[in-house]
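Here's the structure we're looking at; comments come further down.
Where a number appears in this text, it was derived from the coordinates with a stated rule and is not lab data. From a predicted model like this one, the values you see are computed outputs, not experimental measurements. Note: ideal-geometry Cβ built from the backbone for every residue, glycine included; neighbour counts use all protein chains shown.
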Amino acid sequence: MKTPSKPYMSKIQMEFNHLYKELDDLYHEAALNTSLSDSAFDILYGIFMLGDGCLQRDICKTSCIPKQTINSSIRKLEKEGWIKLVPGKGRSMQIFLTDDGQHVMQEKIYPVIKAENKALDALTSEECEQILKLYQKYNIALRNEFLNIRRKE
């Protein structure tokens, strides 16, 4: 049986992966510092981005978190009294912040968004655009390569 050759990992690849993991860890720490679970943090952050009345599926799309995780976390936030679910079109449920939820948003999510804004202010608008374009290009290329692996299996 032939064993595959060990692939090479460039310094750029190692550094990029490290930066990705570091950014992920920064958001995990932000959630911990707010005494929220990662998924509760992501849901509240998603509601901030999408606005009151957003749908669970929209939070799944923006956060890239599985529907089951979002669903169970939404149920916990509802039990906490931070959100309420209101029937929308068809079977969809709209998510609204309660007064307590709005207070939690202001106390825990707003400071994170303000910090992100300050961090982005350290970059020029051209640098911000360049980061986004390059990151998107890399994600598309990586997604295609991962699809190629799946096709070969």
(message) For mean projected area of the Cα convex hull in nm², one of [x] 13.1; [y] 9.0; [z] 10.9 was computed from the structure I shared and the rest are decoys. Which label?
(response) [x]
(message) I'd like to compare 56-62, 108-114, 83-89: which one has the highest average count of other Cβ atoms within 10 Å, and what's the full order after that?
(response) 56-62, 108-114, 83-89
(message) For Cα pairs less than 8 Å apart in space and 6+ apart in sequence, what is the mean separation divided by the residue count of the chain, i.e. the relative contact order in percent?
(response) 16 percent
(message) I need Cys54, Cys128 ordered by Cβ neighbour count within 10 Å, fewest first.
(response) Cys128, Cys54
(request) Counting other beta carbons within 10 Å of each Cβ, put Lys152, Lys67 in order, fewest first. (result) Lys152, Lys67
